[in-house]
Each structure stands twice: as C-alpha cells, then as structure tokens.
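Just so you know, all these numbers are worked out from the coordinates, no wet-lab data involved. These figures come from a predicted structure and were not determined experimentally. Note: ideal-geometry Cβ built from the backbone for every residue, glycine included; neighbour counts use all protein chains shown.
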Amino acid sequence: MDDMTDFRAEVRAWFDAHAPHDWKLALPNMNNAEYGDFQCKWLRTLGTRGFAAPHVPVEWGGGGYDVHRQAVIYEEWTRADAPALNLYPVSLFHVPGTILAVGTSWQKDTFVRAAVDGTVWCQGFSEPGAGSDLAALRTRADRVEGGWRVTGQKIWSSNADLADHCLLLARTDPEATRSQGISYFIMDMHQQGVEVRPIRQSTGHEEFCEIFLDGAWIPEAYLLGEENRGWQVAQGTLATERGPVGLEIIERTRTSLIELGAALGDDDTGRAAVVRQELARLTAHAEAVRAFAADMVDGAARGDASFGSASLLKIAFSELLRDMTGYASLISGLSGLVDPGQRHQVGFVSGDWTIDWLGSWGWTIAAGTSEVQRNIVAEQVLGLPRESRPGAQMGVNR
Amino acid sequence: MTEPWDYSELNADQREIWDVADKVLSAGHEDPVAGTALGWMGIGTDPQFGAMGGTFADLAPLLECVGYHAAATCATWTAGIAVPLLAASEHPDAALIEQLADGRHRVAIAAAPLPVPTDTGGEIVCDSLGGVDAAYLLVPLIRDQSVMLGLLPADRRVAEDLRSIDISRPWSRHHIDPSAIDAKNLVRAPDLAAAWRCARNRVFALDSVGTARAALQKTVSYALQREQFGRPIGGFQAYKHRVVDALLRLKLAQSVAYRAAADPSDGRLAAAAAVEASAMASFVCGEAVQLHGAIGLTWEAGIGTLLKRARANEIVVDDRANAMTLTTSPS
C-alpha cells in the first residue's frame, strides 16, 4: 500500500511538471499538421516514463505497469487536466494487442515500438455493408507476385486521414463465405490506391473517415497470422477495445464526478440537493463499474478471465460515459449550449460536456455495439437461445 | 463450474461459507436464528469475545446468501453491525458480546439514526430490523449534532410488530421515552456515526446483491422454460437484452459490495456499494416481475417477496448522508 502511495506521489509530481498548459486554448486553431505535432510531442513526453502505453511491456516501448498502477496513472493524468491521446488509440492498444499476440518477430520489431513512439495507425474493419455484421465484408485482397492488391471500401476508421498504417481485414478466398476466407493485414496508408475522406461528426470533429482502396499494395511480410484465418486474429483486436482502454475512461469519468460533487460544496438545498442526489447515484454506479473492472483485472492476472466479462465491461463503461456526460451537460447551465468549436477531439471527458455527450455514442456503437454485446452475453454466458441469423457477429471499428 | 451470478473473487474459505449457508437456508429460510449453532453471529469478530474470528470479508458471502434465500435470520445485522460496533467500543462488554455472538440474546437495529429532542417529554419512535422479542435495540441517537449509540434493553422501550412491506424479515417499532435513557444505555466509541453507517451500508449492499441474484436466476430459468409463439421466450432479443441488463447491474453491484466488504476503513466505498446495490436490486427484481408476465404479480411466485425486500433495503440506505458522502471528495 505504501508502495502505491509513493508511486502516486511520483506520478502526480511528474504530471505537475510535464503536463502542457493552455492547450485547450490553442487547440481550436490547430490545423491537422499542428494537431499531429501536438499529440506526438505529448505522446513522447509521456513515453519517457512509459505513461503513454502503461499496459505495454517495457521491451516493446511501454511502461510495463501492473493494472493497479495503470489506474493510478490515468487518475493522475485526469487530475492534472492533461490532454488525452486521441490520435493514438489504435497505435497504443490495438497494434500491441494484436501484433504481440500473432505477429512475426520482424513485424513486432518493425511496428510495435514505433507505434508506441508515435506512428499513427487506423483500423480498416467496417464497410458500408458490414457493420455489426462484420463477416459480410467485401473488400478483396487478390494474390499477386510477392503480396496482394486490395480493392474495396472501409468506413468509420478513426484518424485514417493522419494514419501511417492500417490494420485491415480483407477477403482472400472469394469462394469461402462469411468469416471463412478473411485475412488480416498491415497496410501502408501512404501509397497510390489509398484515398481517405474524413467524415464530419455531430460533435463537429472529423475524427473518423472513409478509406477507398483501388489496387493498394500489401507485401507478403505484412500478413498478420495465417492467410484466411484473419477472423480469429480480429477477435483478439476487438478484445483490446473491450478491456484495457476502458480503464482510462472509467478513471476520467470517476474523477469528473468527484469534481462535479465537490463543486456543490455544502449546499444541500433546492436545486443543489436534487443535483446531489443524481450525482450520488452516478458516483455509486461509477464506483461499481470501477470495482468490476478491478475484479476483471485481478482475474486476468490469475489467468482466470470469466467469459463474457469483457462484453459486460464494454457496455458498462460506455453507458456510464454517456450517462455521466449527459447529466453534466444538463446541469452545466447555458454554457452547455456553447459549441467550443474544437476541430479535434480532445478526450471523451474533456469538460465540454455537451460535446463529450454527443461523442459518447462513439463508445456504445464502436467495437461491437451495446446490442451486439448483449447478444453475446445472453447466448454465450446465460445460455439463452439464439435468434436465427446467418453467422457470428462482431463490431465496427474505432 | 461457476455460474454467471457467482462472485468470481471468493477464496476457498468464503466459498465454503457460501456453500454451508446455502445448504442451511435451503432447509429453512424462516428461522429467525438460523446459523446460531454454526457461529454465524460471530463471523468477523475477535475470538477474544468467544466469536469465530475472521474478517468482514469472510462474512460477506453469508450476507449475500441470506439475501439470496430472502432469509429471516438475525445473523446479518448481528454479525455485520451490532457485534463489531460493540467490540470496537471504548469499554466493550465482553459478556454481552458473547451472548449476542452465541445467539443467547437477539438484537434489533434501527433503520436510521434517531433524533432525540432536547426538551424532555414525549416519546420517540424507532422503526427497526429485528423482532419485538429482541433483548436489545441498537440505535444511533442524535442530540445536539452529536451521535451516541444507544443499546436499549427491553425495559427502556415498548415494542410492537411493524407490519412491513418486507415480509421476509421481522421488523418492529419501538416507543422510547428519551428521559429513560441513561449513561448505562450508551456505548462510547470513536467515529461512531461513521462506523455505524459503514457497517449498515455494507450489510444492506450484500443483502441486496443476494436478493437480486435470486430474482435473476428465477428469470433465466423461466426464460428457458416458458414458451410463446412456439419457442422459449428467452430467445427473443427484446427479452434477452433485458435479462443481460439485469445481469450486468448485478455483477457491477456485486463487485463493489465485496470490495467494500474487504476494506472496512473506506466509508465512501461502503456508501457507493449500498446506494448502487440497493437501487440495482429494486431494478432487477422489478425486471423479474415484468419478465415473468402475470405470474410475476402473484404472491405465490415469490418474486414480489424479493422485490419488497429489495425496496425495503433501498428505502433504508438511500438517505441524505449517503448522498453527501458520495458527493464529497475522497480523502
């Protein structure tokens, strides 16, 4: 316990000394290149202490912190009001989670440390005709001498306009159906045959994109796992979205609730009393989500993850985020009406509550909608009968 | 093979406590002193008082199991609230603690702290969990903003049955003459109000988890067995999503309730556990009524019994003090 107290003090002092100031004022005027520089600089500053990727082993450029220390890092990060790393979720979570699990030594050496050090990655899973029903994807990778040529369209791909590489799913066996015959690739985004168009969201951000692929080149060495076995690899990628990434959101949500409660002071009359009652309810719920995540982490550390808990946690933290930001927006008075005009997303709990609330559905929809997760739990955990449908479900990407 | 509603983090001793309690309470959940011979009233209390020893965390699975069986036993509030508070007092009465821990005397506990008027005269009324035959009533008394813990024997109060919506446990109403309370009836202990609240919150949280778990299990069995439109109703997506929501709320509350049980010094976490688990249990039991259809409305099906116990717990713990604790920064 003393260890943890010392660690917290150390992390707090580090953030006090290194967190950027005035970044919220500067952000609205940044163009894409400036935003990329800002994110990269902060990532590398965090990286000096392993705080950018606290869950990734030290030998791969992360912090190698146990999950209790990860929670402390996210708490202190939030407390310091320091920016989130919105440009890097795929680089920091999906890439290490997938490549360290199934990649070749060359792939690990070439891509993982670089991703943790600031190459931008995006994910090419969903398509216009393949969202929750991801196995319906139609993008094709045709075998040619030395690799593949890819043709098709991807959508809902966060930061694809700024990305260096893409984690891509494409069909390699045109004869096979559904989840059979899909392969998992690394794709270079800087090439002929890759065109990216950002999509404007209701938040005003242009965070996710469409990717048009017209004969884009993928060399042999960029295949992840076995050819035609990409579906199994993708399950691992999606699992990373239902697990560790939730810890940061839970800590940020909880810290925000503590701050909103503290702002009430001792006033327990009139509107303050009503607000207090609802904040208490949300706070109790946030503590419960946090306790469940901590149990899951302890279970995983024992090698004893109970099946379905990742799906339950994903529903829990995404809906907590939605409910907390929604209530904060409602009680923020007329300031909740103001659009701060941020071109770039600055975290899911930025304090611009109405914008955060609008963005929160990103989490209840991405990485397998809440409804898909509920089906998984109902059928695979509770043993309730399936409704007839042609194949397995997965999710859309972030 | 664990079931989805089992708590994943129980150690072997805790699992055994659950298994024994499950067996005993399956045989008779209405016994108001069930578990006495097994030492339930003294789990978590120092063996110097003739008790079982162990920690509050060891008591947690018993508390959940009592809720699960909607059992009447006074073991929960005796072992969870009365005995530890008395044992932590400045001059613990070892003989009395031993008599409570071995079941010779029963105790009722106030549902809420009781304001005592400073002017003399008139009676105060205290609604309590525990039957009229309890030898003692344990009640936090608030006078001039300070809290004292009253331990009132039968001759200091007049008790009557309280006809509660919660038919699964005995409730009683006590009429107290404030002028009859003297120093002998008061227990002194450091941080008394916080300790009482923390203990009460932890007990009600775990009881609520057990109550909800019973309702959810009944619902899942019903979903698999009841057929409409030629197939089990649990196959309809509108139905199964509601069941999963109930499971999710249960699992979250279970985690926070057990984590609060494991850290007796964290009053804020205990408040979170009580508020979350009690609201969760009303929600889950309410969903169980709806998902059973008209059967859920009947007295006989027993879902209503669970719903009423859940709501009773929520009424007790959903108070201003918990709202205040949860909206004050953790130290």
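Going by C-beta contacts inside 10 Å, put B:S146, B:S331, B:S164, A:S311 in order with the fewest on the left.
Ordered from fewest to most neighbouring Cβ atoms within 10 Å, B:S146, B:S331, B:S164, A:S311 come out as B:S331, B:S146, B:S164, A:S311.
Evaluated at 37 °C with a viscosity of 0.692 mPa s, what Stokes-Einstein diffusion coefficient in µm²/s does region A:263-398 have when Rh comes from the Kirkwood expression over alpha-carbon pairs?
Approximately 190 µm²/s, per Stokes-Einstein.
Which of A:L162, A:G152, A:W231 sits farthest toward the positive end of the charge dipole of region A:88-233, with +1 on the Cβ of Lys and Arg and -1 on the Cβ of Asp and Glu?
A:W231
Can you pull out the GluC sites (Glu not before Pro) in region A:175-284 that DSSP calls coil and that have at most 10 other Cβ atoms within 10 Å?
Passing sites in region A:175-284 are A:E175.
Loop only per DSSP, at most 10 neighbouring Cβ atoms within 10 Å: give me the GluC sites (Glu not before Pro) in region A:34-109, ordered by residue number.
none
Tabulate in residue order the Karplus-calculated ³J(HN,Hα) for region A:94-105, using 6.51 cos²θ - 1.76 cosθ + 1.60 with θ = phi - 60°, rounded to whole Hz; enter x for Gly and Pro.
5, 5, x, x, 8, 5, 5, 7, 10, x, 6, 4
With the convex hull built on the Cα atoms of region B:240-331, state its orientation-averaged projected area in nm².
Here the figure is 6.6 nm², rounded to one decimal.
Residue-wise, which Karplus ³J(HN,Hα) couplings in Hz belong to region B:97-104, taking 6.51 cos²θ - 1.76 cosθ + 1.60, θ = phi - 60°, and x for glycine or proline?
4, 5, 5, 6, 5, 9, x, 5
Could you give the nm distance between label points at B:A262 and B:D182, where each point is 7 Å from its Cα heading toward the beta carbon?
Distance between label points: 4.8 nm.
Give me, ordered by chain and number, the residues 5 or more places off B:L141 or on other chains with an amide H under 5 Å from its own placed amide H.
Residues meeting the amide H criterion: B:L114, B:M148, B:L149, B:G150.
Around A:G131, with a cut-off of 12 angstrom between Cβ atoms, what is the net charge of the other residues, counting Lys and Arg +1 and Asp and Glu -1?
In short, -2.
Per 20 Å bin, what percent of the C-alpha pairs of chain A does each bin hold, from zero upward?
27, 59, 14, 0
How much length would be gained if the chain were fully extended between A:R49 and A:S132, taking 0.36 nm per residue of separation minus their Cα-Cα distance, in nm to one decimal?
Residue separation times 0.36 nm, minus the Cα-Cα distance, leaves 26.1 nm.
When a/c reaches 1.5 or more, the comparison of a/b and b/c decides; with that in mind, is region B:1-160 rounded, prolate or oblate per its Cα gyration tensor?
Prolate, since a/c reaches 1.5 and a/b exceeds b/c.
Over 19 Å, how big is the tail of the calculated P(r) for region A:320-387, in percent of all Cα pairs?
46
Each label point is 7 Å from the Cα along the Cα-to-Cβ direction; what then is the distance between the points at A:V144 and A:R8, in nm?
Reported label-point gap for A:V144 and A:R8 is 5.8 nm.
Full-extension gain between A:L25 and A:E371, please, as 0.36 nm times their residue separation minus the C-alpha to C-alpha distance.
Contour length minus Cα-Cα distance gives 120.8 nm.
Got a sec to turn the phi values of region A:267-272 into Karplus ³J(HN,Hα) couplings, 6.51 cos²θ - 1.76 cosθ + 1.60 with θ = phi - 60°, whole Hz, x for Gly and Pro?
5, 10, 10, x, 5, 4
Report the Rg/Rh value for region A:63-132, based on alpha-carbon coordinates and the Kirkwood definition of Rh.
1.05
Taking the Cβ of B:P115 as the center, what net charge do the other residues with Cβ under 14 Å away carry, scoring Lys and Arg +1 and Asp and Glu -1?
With Lys, Arg at +1 and Asp, Glu at -1, the neighbours total -3.
How about A:K41: which lysines have a C-alpha closer than 22 Å to its C-alpha, ignoring those fewer than 8 places off in the same chain?
A:K24
Compute the Cα gyration tensor for region B:81-177, then decide on rounded, prolate or oblate, letting a ≥ b ≥ c be the square roots of its eigenvalues: rounded whenever a/c is under 1.5, prolate when a/b is larger than b/c in the other cases, and oblate in all that remain.
Taking the square roots of the gyration eigenvalues as a ≥ b ≥ c, region B:81-177 is oblate.
Determine the calculated [θ] at 222 nm for chain A from helices alone, applying -39500 (n - 2.57) to every DSSP H run no shorter than 4 residues and normalising by the residue count; nearest 500 deg cm²/dmol.
It lands at -14000 deg cm²/dmol.
Treat each spin label as a single point 7 Å out from the Cα along the C-beta direction, and report the B:E300 to A:E34 distance in nm.
Roughly 7.5 nm, to one decimal.
Tell me the net charge near B:I17. Cut-off is 13 Å between Cβ atoms, B:I17 excluded, with +1 for each Lys or Arg and -1 for each Asp or Glu.
My count for the surroundings of B:I17 gives -4.
List the lysines whose alpha-carbon lies under 26 Å from that of A:K154, not counting same-chain residues fewer than 8 positions away?
A:K108, A:K314
Compute the relative contact order of chain B as a whole-number percentage, counting only Cα pairs closer than 8 Å that sit 6 or more residues apart in sequence.
16
Stokes-Einstein diffusion coefficient for the protein assembly as shown at 10 °C in a medium of 1.306 mPa s, Rh from the Kirkwood formula over Cα pairs: what value in µm²/s?
Using the Kirkwood radius from Cα pairs, D works out to 57 µm²/s.
Would region A:1-113 count as rounded, prolate or oblate if I go by the C-alpha gyration tensor, calling it rounded below 1.5 in a/c and otherwise prolate when a/b exceeds b/c, oblate otherwise?
Taking the square roots of the gyration eigenvalues as a ≥ b ≥ c, region A:1-113 is oblate.
Can you list, bin by bin at 10 Å, the percent of alpha carbon pairs in region A:243-334, starting at 0?
Reading upward from the zero bin: 15, 45, 25, 12, 3, 0.
Using the per-residue mean of other Cβ atoms lying within 10 Å as a proxy for protection, in what order, highest first, do the peptides B:308-318, A:124-134 fall?
With the highest mean Cβ count within 10 Å placed first, the list reads B:308-318, A:124-134.
Summing -39500 (n - 2.57) over the DSSP H runs of n ≥ 4 in chain B and dividing by its residue number, what mean residue ellipticity at 222 nm do you reach, to the nearest 500 deg cm²/dmol?
Counting only the DSSP helices, I get -15000 deg cm²/dmol.
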